[in-house]
1. Per-residue Cβ counts within 10 Å, from other chains only, averaged over D:150-159: what number is that?
2. Highest first, please rank the peptides B:104-113, A:167-176 by the mean number of other Cβ atoms sitting within 10 Å of their residues.
3. Please report, for the Cα atoms of segment B:132-260, the Rg to one decimal and the Dmax as a whole number; what are they, in angstrom?
4. Could you report the buried accessible area between E and C, both sides summed, computed with a 1.4 Å probe and given in Å² to the nearest 100?
5. Among B:Ala196, B:Leu96, B:Thr161, whose Cα sits farthest toward the positive end of the charge dipole of chain B (+1 at Cβ of Lys/Arg, -1 at Cβ of Asp/Glu, about the Cα centre)?
6. Using all Cα-Cα distances in chain B, what percent lands in each 5 angstrom bin from 0 up to the longest?
7. Could you state the number of Å between the C-alpha centres of segment C:226-260 and segment B:153-216?
8. What is the magnitude of the charge dipole of chain A about its Cα centre, with +1 placed on the Cβ of each Lys and Arg, -1 on the Cβ of each Asp and Glu, and no other charges, expressed in debye to the nearest 20?
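The values are calculated or read from the model by the stated rules, or taken from the named source; none is laboratory data. Worth saying up front: this structure is predicted, and the values here are computed from it rather than measured. Using ideal geometry, Cβ is built from the backbone for each residue, glycine included, and neighbour counts are taken over all protein chains shown. Please note that ligands, DNA and RNA were not included when accessible areas were found on the heavy atoms of the full protein model with its side chains. Shrake-Rupley method; radii C 1.70, N 1.55, O 1.52, S 1.80 Å.
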Amino acid sequence: MDISTIIGVGGCFAMVVMGIFTSGGTILTYVDIPSVLIVVVGSYLGLFTFSNISTSIGIFQTIGLTFKIPNYNENGIISKLMAMSEKARREGLLALEEELEDLDDEFMKKGLRLVVDGTDAEIIRGLLETELNQIQDRHAGKIGVVNMWGTLAPGLGMLGTVIGLIAMLKNLEDKSALGPNMAVALITTLYGSMMANLLMIPWSGKLKTHDANEAKVKEMIIEGILSIQAGDNPRILATKLLSYLNPTDRKSAEAEFLKD
Amino acid sequence: MDISTIIGVGGCFAMVVMGIFTSGGTILTYVDIPSVLIVVVGSYLGLFTFSNISTSIGIFQTIGLTFKIPNYNENGIISKLMAMSEKARREGLLALEEELEDLDDEFMKKGLRLVVDGTDAEIIRGLLETELNQIQDRHAGKIGVVNMWGTLAPGLGMLGTVIGLIAMLKNLEDKSALGPNMAVALITTLYGSMMANLLMIPWSGKLKTHDANEAKVKEMIIEGILSIQAGDNPRILATKLLSYLNPTDRKSAEAEFLKD
Amino acid sequence: MDISTIIGVGGCFAMVVMGIFTSGGTILTYVDIPSVLIVVVGSYLGLFTFSNISTSIGIFQTIGLTFKIPNYNENGIISKLMAMSEKARREGLLALEEELEDLDDEFMKKGLRLVVDGTDAEIIRGLLETELNQIQDRHAGKIGVVNMWGTLAPGLGMLGTVIGLIAMLKNLEDKSALGPNMAVALITTLYGSMMANLLMIPWSGKLKTHDANEAKVKEMIIEGILSIQAGDNPRILATKLLSYLNPTDRKSAEAEFLKD
Amino acid sequence: MDISTIIGVGGCFAMVVMGIFTSGGTILTYVDIPSVLIVVVGSYLGLFTFSNISTSIGIFQTIGLTFKIPNYNENGIISKLMAMSEKARREGLLALEEELEDLDDEFMKKGLRLVVDGTDAEIIRGLLETELNQIQDRHAGKIGVVNMWGTLAPGLGMLGTVIGLIAMLKNLEDKSALGPNMAVALITTLYGSMMANLLMIPWSGKLKTHDANEAKVKEMIIEGILSIQAGDNPRILATKLLSYLNPTDRKSAEAEFLKD
Amino acid sequence: MDISTIIGVGGCFAMVVMGIFTSGGTILTYVDIPSVLIVVVGSYLGLFTFSNISTSIGIFQTIGLTFKIPNYNENGIISKLMAMSEKARREGLLALEEELEDLDDEFMKKGLRLVVDGTDAEIIRGLLETELNQIQDRHAGKIGVVNMWGTLAPGLGMLGTVIGLIAMLKNLEDKSALGPNMAVALITTLYGSMMANLLMIPWSGKLKTHDANEAKVKEMIIEGILSIQAGDNPRILATKLLSYLNPTDRKSAEAEFLKD
C-alpha cells in the first residue's frame, strides 16, 4: 500500500474542504450533480474516443497502481543472477537449464533460456530490448490515457462554465438569480481544475516513475544475462549490476555481494 | 466498427446536452448558424491554407478511420512468415517465389521478392525502412491536419467572441440586449472548445495509436523477412516475432506457434 | 498557383466578415489604423530584432511561396537517374561527365560530378548531407521568422488592449464613451488573433511541408547517386527511388520504370 | 553559501512587499492563513501523490542545495588524474593501487580500481556511464518534484480563487462585503504565482545547472581514466581534460598543467 | 553595429508610444516607478536565483551582443585552411608548425597544433567536438538566462496586477478612485508583456541564431582540419568547406577558391 498517494490525495482534498469552510460556504454549495456529469463523466467518456473500450475501462486499474508500492526485488534479482553466473562458470551454460523452471521473473527466464539454447548475444539483446520496448509502449499508452483525462477534464470544465454563462446571460431579468447562476457555472471549472491538479497530473507522474524504475530493472537483467553468457568474472558482474542501484541500496548490497 | 469512438463522441455530446437542459436553456439557445460558420467552417477553411485541397477534403476520410477498428492480423502474418521460413529452409529461398503471388500484404510481398532476388540484407532493411518512414510521414501529415483543426477551432472561437464583444460594446444603449448579445458572442467560444475537446484532440490521439500499431506490425514483418533470409532457426524466428505482441495475444500465439 | 492557400485565406476572411455583419456591425467598426500599426507593423518590426534586415524584408517572399505549388519533378529525377545508371553500367562512370552539363538540378549535378571525379562514397554522402542540412537550416530559419510573427502578433494585440484599457480606466467619467473605448481596445486583440490563426500558423505549417518534401527528394537523389556509384542493378535502383514516392505516384511510376 | 540565491529570493520578495505598500495596502492585507494552507500546503501534499514520502520530505534538502555553491574541484581532479597518469606510465597501471585509498572522489576511485583490475576499456566506460546515468536520473527525479511544486501551486491558487468566487456569488446580498471577499479569493492566485515565479521556476533552473555541471565533471573523469588506461601522452591527457573547463578557468589551468 | 536590432527595438517602442497617444493618454499615464521595480527589477533579481551573480550581471553584455553583427570571416577561414592544406601536401604536416603562431582563431590553432603533434584523427575530432559542445553549453546557459527573464517578467507583471486588484477590492468605497487604481494595477501587466514580446523573446531568438552560425563555422573548421590531416585533394577540401556556406556566399567563394 503506497501510503504516500493516500496522504497526497487525502491531504489535498482536506485542504480544499478547509478552503470551502473558511470561504463561508458548505460542502453542499459545491456539490452539483450535473456538473459532475459534464466534467467527470464527460471527460471519462472522451477517453473512449481517444483510446479503446478495454483501456478506458481499465484506467481505474491503472490508477489503482498508484496506490501500491511496486516491489522490483532488485537484491533478489542480483543474488539470483550471481548464483546463475557462478553455476555457469563452474558447470557450463547448459547447467542453467535446470534452474529455469524455478524462476518467477518471466523476463529473466526468457533471456536465460535463450542463453541455454546457445543463441547469439546480439540476437538475445535485440529480443529482450524489443520486449522491453513493447512493455514501455504499453505503459506509455496507459499513462497517456491518464494524461488525456487530465487534459479533457479542465477542457470540459471550461465548456460547462461557458454553457452556464450563456444560459445566465440569455435571462438577465431576475437579478437575484444572477450570482447563484454564475456560481453554478463556475463549479464545472472547479471540478476540472481539481481533476487535473489534485489527481491526474500527480498520478501520471507517479506512473511514469514506476515505468522508469521497471525499465531500469529490466535493463539490469539484460546486462546480467549477457554478462553471464560472456562468462564475465562475478566481481565484474556484481559491479555492473550494482551500478543500477541507488546509493543507499547499493551500500548494503555491496556489503552483501562484494564481501570478499 | 469501433464502438468505443461512438460511445465517446455520443456520450460527450449527451453530457453537453444534459448540461444545457440543467442550465435551464434549450438546445435552440445554443444553436447559432453564423457561429457555426465562423468556427466550424472557418477553421476547416484554414486547413486549406495549412495543407492542400486533396488532404483538406480527405480529412473526413481520415476522421472516418477513428470509427473503424483496424485489423493488423498479426497472427496471420506470423503464421505466414513461419510457413515461409520452413519452406525456405527445406527448399531454398528461391522456392518462395511461387508463394509471392498469393500474398495480400504488399509490404511483405515487396520484402520477400527482394529476398528471392538475392538482394543484400542491408539493402532490404534500408528499402523497407524507407518505405515504413514514408508511410509514417504520410500518416503524420494527416494527423497533423486533424491537430491543426483542433488548434484553429478554439482560435476562431475566441476570435468570434471578440468580434461579438466589440459589436456589443459599440452599442451599449439598449441595456436589455446586452445579456443576449454577450451570450451569442460566447457561443463561438463554446463551439471552438467543443470541436477541440470532444472531437479533434481525442480523434488525433486515436489516429496516433493506429499509426504506432501499424508501424509495429511492419517492423515485425521486416524482422521476420530478414530472419528468413538469414536462415534463422524457426524457434528463434517465432520468439522474435512474438516479442512484438502484447502479453495476452502472445500467450495464445505461443500456444499455437511454439507448441512443440 | 496554389489555389488551396487562396481558398483557405480568402475563405477564413470571408467567414470573419460574415461574422461582423451578423453581429450587427459594419466593416468600418472593425477598422482602426492605430491598431493596425501596433499589431501588424509592431510585430513585423519585432522580426528585425529577432532576425536580420534581409530575412525580415524577405519574409514576404517566403510567405509568397505558400501561394505556389512547388514542382519537385520526382518522375523526371528518377528517369534521369535511371538513364545515368544505365549509361554508367554500359560505358563506365567517367562517361557521365558529358551528361553533367545538361542537368538543371544543381544538387544532382554536384553529386554526380563527385562520382565522376572518383570521390569516395562516404565523402560524397557526407558532402551532400552537409549541403542538405544547410538547406534545411536555412528553411528552418525562414519558417522560424513566420512562426515568430505568429507569436508576436497576439502578444502585441494583448499589449494594445492593455494600453487601451488603462487609458479607459484613467478616465471613467464619460460613461457613454466607456463601451466604444473598450471596443477599440479589443480591436488589437482581434487583429493579433487573426494574424496568428488565419495567416501565420497555417502558412508556417505549409512551409514546413514544402521543406519536408524537398528534403525527401534530395534524400532520394543522394540514394540514387550512391547507388549509381556502387553499380547497383537498375531494378534495385528503381525500387530504392520508388520507395520515396507516395502510393498513387508510385503506382504510375512503377508502370513506367519497372515495366519489364 | 550561494549569495546569488539569497539576493534573488530576498530581492524578489522585497519588490513584492514594496508593491504592496505602494498599492496602499499593508502586509496584513495580503496574509491569509487558509490561503496559505490551500496553496502552499495543498500543493506540497500533491507532491506525495506525485512522488514518494522520502522524496517529498527530502524536497527541502533539495531546495537547500540552491543556497550552496557546489565545489567540483576541477583543478584538483585534473591535477590528481595527471599525477596518476605519470605514475602509471613510469611504474605501470598496477602501481595506481596504492593511491586508491587516498582518493576522496568515489566515482574516480571506482573507475581507477577497474583499471587496476585490468578491466576492458569498453566495460569501464559502460559501467561508469551507467552510474552517471543513474546519478542524473536521480537528480532529474528530484528536480521533477520541484517543477511539480511549481506547476501545482498556481493550479491550486486558481482553484482557491474559484472556490472563493463561488462562495461570494452565492451570497451577493451584502454589497459591502463583495470587494473584500473577492480580494480574499484572489490571494490564493497571488500565492500560487509567487510560489511559481519567485521560487520554484528559478530554483529548478539552478538545480538543472548544478546537475549539468556535475555531469560534465564526471564525463571529464571518465575521459581521464580511459586516457590513463590507454597510456596516453600526458600532454594529450591534459588537453582532453582542459577542454571541459570554461575559458577563464582553462587559461589559468593551462598555465599550471601545460607549463612545459 | 546590427542596425536591424535597433530598427526592431526602436520601431516596436515607437508603435507602443503611438498607441498610447491615439488611446488619448500621455506617456506619463503609463509610467509608474513601483511597477518598474516589481516587473523589471523583480524579474531581474529572479535571475540571481536562477543563475549566479556573474552571469546575472553579465546578461547585459549578452544582450549587448544582439546589437553587434558577428563576423565569422568564413572566407578568410576557408582561404587559410586551403593555404595550410597546400603547404601540408607540399612540405608535410610538420611544416604547418611555423604558421600556427600567426593564427588568430584559437580553435583552429588548437586543432592544427594537434595535427602537427601527430595526434590520432579520432582524438582530434573528439577534443574539438568536446570544446565545441562546451562553447554551445555556455551559450545555451546565457540564452537560457535571457529566456528566463522573458518568462519571469510577464509572471511578475501578472503578480503585480493581482496585488493591485486586491488592494483596490479591499477598499471599494471611493468609487472615483476605482478606475485609476485598476489602471495602475494593469500597468505591471503591460510592462511584463513589453519585456517579453518586444525585448526578451526576439533577443533570445537572435542569440540562438548567432550560436548556430558560430557552431556551423566551428564544424567547418573541424572538417577542414581533419581533411588536411588526411591529405585530401584541395578540390575536395574546398568542396567540403563550401558546403557550409549559404548559396550567395558560396557562389562568390566558388569563383575564388575553385577557379581553376
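1. Averaged over the peptide's residues, the number is 5.
2. The most tightly packed comes first, giving B:104-113, A:167-176.
3. Answer for segment B:132-260, Rg first and Dmax second: 26.4, 87 Å.
4. Accessible area lost upon association: around 3600 Å².
5. B:Thr161
6. The calculated distribution, bin by bin, is 1, 5, 10, 12, 12, 11, 9, 8, 7, 6, 5, 4, 4, 3, 2, 1, 0, 0, 0.
7. 47 Å
8. Roughly 940 debye, rounded to the nearest 20.
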